[in-house]
Amino acid sequence: MSSHHIVREKQEPALIIINLAGFELENLGQLLEWSPMVLVAEDIAEEVLSLGIKIDVVLSAKAKTNRPAQEHTKFLAVENSALATAMDFLLNEGFPSVNIITKNFSTENFSAYLQGIDIVVFNNDKKIYPIKSGFNKWKAAGEKVVLMNHEPIEGFSFVGLKEVDDKVFKTEKNGFFSFSFDKESIFIAEEI
């Protein structure tokens, strides 16, 4: 029996790398496992290249650059931010999902894109993603879940968790936890 899989283009999430500071390279290897399209901020392109990673798109402050690139690397001119340029590009290309590595996270940077693409953000030792009301997940006892939204969340309730600090929860026991709220979505973070 064969273990070979055919991966169609855009089937796997694209990968945007804005900053690798504090991000474990082992986790990076897992994100690269199925050869996603890789978009990289120009200021860390050399670092990413030194790791032996094929870069598909460099997000450049200038349309042309003097930096050496791999064959078939495309350069995108950044207008507002590298992140916004990359997200707009992926939406226009029809990507259904994206993983993003960055050291800065703000819900405002991602909320505008939630209708068009599934987003997972890796921020140091956290995995951050949006959830809808009624979300539930199994976790082992004592694991931490953090709400990333800064504004108050109307109608917020939770099951299977204990609040240990402002917007910081721990699972009470092995099993499912859930969140309910009146917004379209909120962002939560888990430790990776």
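Table for the structure above
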item	result
Sequence-distant residues sharing a close amide H with I100 (under 5 Å, placed H)	I16, V120, V121, F122
Given 12 as the ceiling on other Cβ atoms within 10 Å, longest exposed-site-free region of the chain for GluC sites (Glu not before Pro) in DSSP loops	80-153
Hypothetical label at S180: residues of the range 114-153 whose amide nitrogen lies under 14 Å (7 Å Cα-Cβ projection)	133-136
Built amide H within the under 5 Å cut-off of E172, gap 5+	G142, L161, K162
Per-pair calculated FRET efficiency, R0 = 35 Å: I192 and Q11 via Cβ, rounded to 0.05	0.95
Candidate lysines for bridging to K10, where Cα separation is under 23 Å - those fewer than 8 sequence places away on the same chain excluded	K54, K74, K127
Modelled FRET efficiency - R0 45 Å, K132 with K62, Cβ distances, 0.05 increments	0.70
Spherically averaged projected area in nm², based on the convex hull that wraps the Cα atoms of the chain	13.1
Gap separating the Cα centres of the range 17-44 and the range 113-191, nearest whole Å	24
Sorted by Cβ neighbour density within 10 Å, fewest at the top, the residues V145, V159	V159, V145
Neighbour cut-off at most 16 other Cβ (10 Å), DSSP loop, trypsin sites (Lys or Arg not before Pro), the range 17-108	K54, K62, K64, K103
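Taken together, the values in this text are just the output of simple stated rules run on the coordinates, not laboratory data. Not measured: the values here are computed from a predicted model. Don't worry about glycine lacking a Cβ; one is built from the backbone with ideal geometry, like all the others, and counts go over all protein chains shown.
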